[in-house]
Every structure is written in C-alpha cells, then in structure tokens.
Amino acid sequence: MKQVLKIVPAIIILAGGVWGWKYFSDKANEEKDKPKFSRQDRERSRFARAQQTLAMELHAEDYPVILETQGIVRAASTTSLTPQVSGKIIKLSAHFENGAFFKKGDILAEIDPTDYEADIISAEASLARAESSLAQEQARAAQALRNWKDIGFDDEPNDLVLRKPQLREAEANVEAQKAALEQAKRDLTRTKVRAPYDGRVRERSVGLGQSVGTGTQLGDIFSTSYAEVRLPLSSRQLSQLEINERNLSSIPLKLSNALIENEDITWDAQIVRVEGELDETSRELYVVARIVDPFGLDSGHHPLRINQPVKAHIKGNTLNRVYEIPRTALHGADEVILVVDNKIQRQQINIVWSTQETVLTDSPELENTMLALSRLTYAPEGSPIRIIKTNSDTSKEGPPAASAPNKDTKTQKKSAKSPQTSNA
C-alpha cells in the first residue's frame with residue numbers, strides 16, 4: 001500500500017506534464033494556422049472602419065451679396081376726407097364703400113345744395129345793386145366835372161369835387177359782390193365731395209341723411225398710385241450697399257410675402273429715400289422703398305395689400321473669389337473639416353459674409369480641397385475618414401484593393417482544428 005501511495009504523485013505529475021505539452025502545442029498550431037494579412041490588407045481594414053462623410057470640392061467664385069430685411073407695406077398718401085361746406089348728406093356713391101376703388105374727380109358724396117343755390121341768387125342780386133351804384137357814381141362824377149368847368153374856375157378840381165372817393169367805394173363794392181358770387185358758386189360745387197386722387201376707401205364714417213359740418217370726418221381714403229415700405233438695414237448690411245444719401249439714385253429690390261413661405265410671387269420696388277437718423281434702440285438705418293401700382297390695377301400683377309408684411313431682397317456688392325460653405329459644415333464659430341489623403345484636417349476660416357444657410361470665406365488655402373459635409377461625432381486631427389459621396393454624387397475610391405487571399409490561406413481557415421484532449 002505504501003508503494004502505491006508513492007507511485008500516485010509521480011503519475012499525476014507525468015499526466016500534468018503531458019497535458020501541458022499538448023495544450024501549448026495546440027496553441028502554437030492555432031497561431032500558425034491563422035491567415036497572414038499584408039500591410040495593404042491592414043490599411044484597407046482600417047479605412048473600412050473609418051468614419052464616413054459626404055463631401056464637396058471647394059472652388060473660389062464671385063458671389064453677389066443679397067441683403068435680406070423686412071417691413072410693413074404702408075399707403076404713401078392717406079387722407080381723412082372732410083367736407084368744405086355743411087349740410088345734410090343726400091347721396092353716397094358706390095365708390096365710397098369700404099375697400100372700393102375710385103378715380104380722381106369721382107363724386108363720393110353729395111350734400112344738399114338748396115341753401116347754396118339760394119346764396120348764389122342772393123349774391124347775384126347784391127352784385128346787380130353794386131353795379132347800379134357804381135353806374136350812378138360814375139354819372140355823378142362826370143356831372144361834377146362839367147359843373148366845375150361851366151362855373152369857370154381856372155384851378156383843377158380836387159378829388160372830392162370829382163367824387164373820386166365815392167367812385168372808388170362803388171367800384172370796390174362791385175368787386176366784393178363779384179367775389180361773394182364766386183364764393184357762393186364754389187360752395188355750391190363743394191356740395192359734391194370729389195376724390196382728390198386715384199385711391200381706395202379704407203373706411204366710411206357717415207351715412208345717408210346725416211348732417212355734417214366743415215370739420216366732420218366723412219371717411220379715410222388712401223392713394224393707390226404707389227405704396228411704400230420702411231426697411232431697416234444694420235451697419236453690417238450697410239457695409240455691403242453703396243448709398244449716396246445726397247444724390248440717391250433709385251436702388252432696385254424684390255419684395256416677397258412674409259406670411260406665406262415658398263410663395264412664388266414677387267414685387268418690384270425701388271429705394272427712393274433714406275431716413276436721416278439711426279433708430280435709437282436697434283441702431284439701424286431705415287430706407288424707404290416705393291412700389292408703383294401696388295394693387296396691379298394697371299399692370300395686372302398680384303395685388304400687394306396695405307399692412308402686409310414683406311421680405312425685401314436687395315442686391316448689394318459682389319464679393320470676389322470667395323468660397324460658399326453650408327452652415328451645417330461649420331464646427332464651432334469658424335472651423336471646418338477638410339478631407340486630405342483620407343484623413344481629417346481641421347481648418348479655421350475667415351468669414352467675410354454669412355446668411356441663414358451659408359457662410360462666405362476668402363481663405364485661399366481652401367482651393368480644390370474636399371470639405372466634409374456630414375456631422376462627425378468624433379473628429380480629431382489626422383484620424384481616418386472615408387468619402388462616400390460628393391455634392392455632385394460622384395463616388396470616391398479608397399485605398400487600393402488588397403490582393404485576394406491565396407488558396408493555402410483558405411485551406412488553413414477550413415482545416416483549423418480544435419485542440420485535442422489526451423487520455424492519461
């Protein structure tokens with residue numbers, strides 16, 4: 001029994017040595033059986049795992065700056081219509097309704113003319129009496145001169161003898177009565193309230209049969225010949241627009257509807273004047289643009305209504321040799337990512353102009369470079385990156401394709417065996 005106990009440890013040690021030799025021998029065979037990859041294979045694998053991005057090739061171009069601002073369309077001429085005579089409204093025109101159009105000289109309302117017709121008759125009678133008095137004074141003056149000569153006075157008669165003051169009074173009275181008659185006739189014509197210009201009724205304030213005075217407001221009207229819009233421009237925008245405030249020549253612009261997005265309707269306008277001071281709050285300068293025939297009455301274009309919000313697009317200066325970059329491609333305030341030899345290169349740029357969608361830069365080192373357009377979550381300098389498509393939908397090739405694995409490698413992959421266990 002003691003001999004058996006002495007042999008057992010030796011057997012265990014021997015079995016352990018055999019198992020260890022077999023285990024490490026199989027491990028060595030596994031490493032030997034693994035396929036061997038070339039450097040080209042490793043490069044391709046690394047490129048395949050790299051981040052992917054859309055890209056665009058940058059080229060310098062001339063860029064016309066379009067200044068965008070907005071304002072509210074206002075009527076250029078607004079009038080509170082009041083009568084020049086008093087009386088009762090006896091007639092209202094169909095053109096004197098809210099929103100109605102009218103032409104210059106159209107009769108919008110009529111006031112009862114009876115009293116003013118009577119005034120004309122009275123003025124004519126007064127004029128006739130004044131003319132009669134003038135004729136009598138002229139006759140008296142002539143008779144006074146004859147009497148002076150018949151008496152035989154050698155001296156020249158004075159004005160009182162010749163009744164010249166009385167004659168001048170009679171002549172002035174005639175002129176006054178003529179003026180009164182003309183006034184009565186004008187008052188009669190003023191009983192017909194006429195439109196002062198081509199326009200439109202904003203609101204009518206009186207009704208038929210209403211008594212009105214010379215200060216009574218009949219309604220509000222505005223001109224339809226042209227409208228105006230007041231547009232703010234920041235100091236940044238003014239730097240891209242040439243304005244001669246002393247001798248301002250008309251600056252053309254386009255207006256679009258600010259209430260409806262993507263509406264394919266625009267209106268032509270022109271900047272006709274510049275206000276003389278900056279806004280106290282925003283420090284912006286306001287310019288006034290004029291729209292001729294805003295309702296399209298003559299031209300037939302789509303109407304531009306009063307109080308309508310509009311966006312203005314003003315052509316400014318032209319930036320020479322700049323690069324247009326989408327805002328989505330910016331990283332931070334002034335940094336972009338370039339793809340150089342399939343690696344990331346971070347580049348700071350000098351922004352000379354920007355819009356809501358793009359920024360413009362004059363950095364010359366961007367010429368013919370590839371700009372990464374995709375949003376990259378991890379973009380350290382020099383890390384690999386793969387272009388999957390450019391802005392022109394042109395596929396980009398990566399590193400050269402690795403050679404196909406040889407038959408021995410395929411055979412080794414198929415014949416790789418699992419480690420065998422030994423029986424002790």
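The values are calculated or read from the model by the stated rules, or taken from the named source; none is laboratory data. Because the structure is predicted, anything quoted here is derived from the model rather than measured. No Cβ is skipped: glycine too gets one built from the backbone with ideal geometry, and neighbour counts run over all protein chains shown. Accessible surface areas use protein heavy atoms only, side chains included; no ligands, DNA or RNA. Shrake-Rupley method; radii C 1.70, N 1.55, O 1.52, S 1.80 Å.
Any residue that is in contact (Cβ under 8 Å) with a residue 12 or more places away in the chain and of a type in the set (A, V, I, L, M) - is there at least one of those in the range 195-203? Walk me through how you get there before you give the answer.
The initial filter retains those residues of the range 195-203 that are in contact (Cβ under 8 Å) with a residue 12 or more places away in the chain, namely 195-203.
Now narrow it down to the ones that are of a type in the set (A, V, I, L, M): 195, 201.
Checked the range 195-203: at least one residue is in contact (Cβ under 8 Å) with a residue 12 or more places away in the chain and of a type in the set (A, V, I, L, M).
Which is out of contact with any His (no Cβ under 6 Å at 6 or more places or on another chain), under 30 Å from Tyr378 (Cβ atoms) and open to solvent by less than 80 Å² (accessible area, probe 1.4 Å), of Leu134, Leu58?
Going through Leu134, Leu58 in turn, just one is out of contact with any His (no Cβ under 6 Å at 6 or more places or on another chain), under 30 Å from Tyr378 (Cβ atoms) and open to solvent by less than 80 Å² (accessible area, probe 1.4 Å): Leu58.
Of these, Thr328, Thr377, which one is β-branched (Val, Ile, Thr), part of a loop (DSSP other than H, G, I, E, B), open to solvent by 60 Å² or more (accessible area, probe 1.4 Å) and more than 30 Å from Trp267 (Cα to Cα)?
None of the other options fit; the residue is Thr377.
Among the residues of the range 230-263, how many are under 14 Å from the mean Cα position of the chain (by Cα) and either assigned to a strand (DSSP E or B) or at negative phi (or both)?
Residues that pass the stated criteria total 17.
Considering only the range 148-157, I want to know if a residue exists there that is at pLDDT below 95 and crowded, with 17+ Cβ neighbours inside 10 Å.
Within the range 148-157, none of the residues are at pLDDT below 95 and crowded, with 17+ Cβ neighbours inside 10 Å.
Within the group Ser223, Ser211, which residue is small (Gly, Ala, Ser), in contact with a strand residue (DSSP E or B) (Cβ under 9 Å, 6 or more places away or on another chain) and surrounded by fewer than 16 Cβ atoms within 10 Å (Cβ to Cβ)?
Within the list Ser223, Ser211, the selection yields Ser211.
Condition first: surrounded by fewer than 19 Cβ atoms within 10 Å (Cβ to Cβ) and either among the β-branched types (Val, Ile, Thr) or in contact with a Leu (Cβ under 7 Å, 6 or more places away or on another chain) (or both). Now tell me which residues in the range 355-366 satisfy that.
Correct list: Thr355, Thr358.
Every residue in the range 163-207 that is more than 22 Å from Gly105 (Cβ to Cβ) and open to solvent by 70 Å² or more (accessible area, probe 1.4 Å), please.
Lys164, Arg168, Glu169, Glu171, Glu175, Lys178 - these are the residues of the range 163-207 that are more than 22 Å from Gly105 (Cβ to Cβ) and open to solvent by 70 Å² or more (accessible area, probe 1.4 Å).
Search the range 242-258 for residues being hydrophobic (A, V, I, L, M, F, W, C) and modelled with pLDDT under 90, and hand back the single one that is least open to solvent (accessible area, probe 1.4 Å).
Filtering the range 242-258 for residues that are hydrophobic (A, V, I, L, M, F, W, C) and modelled with pLDDT under 90, the one least open to solvent (accessible area, probe 1.4 Å) comes out as Ile251.
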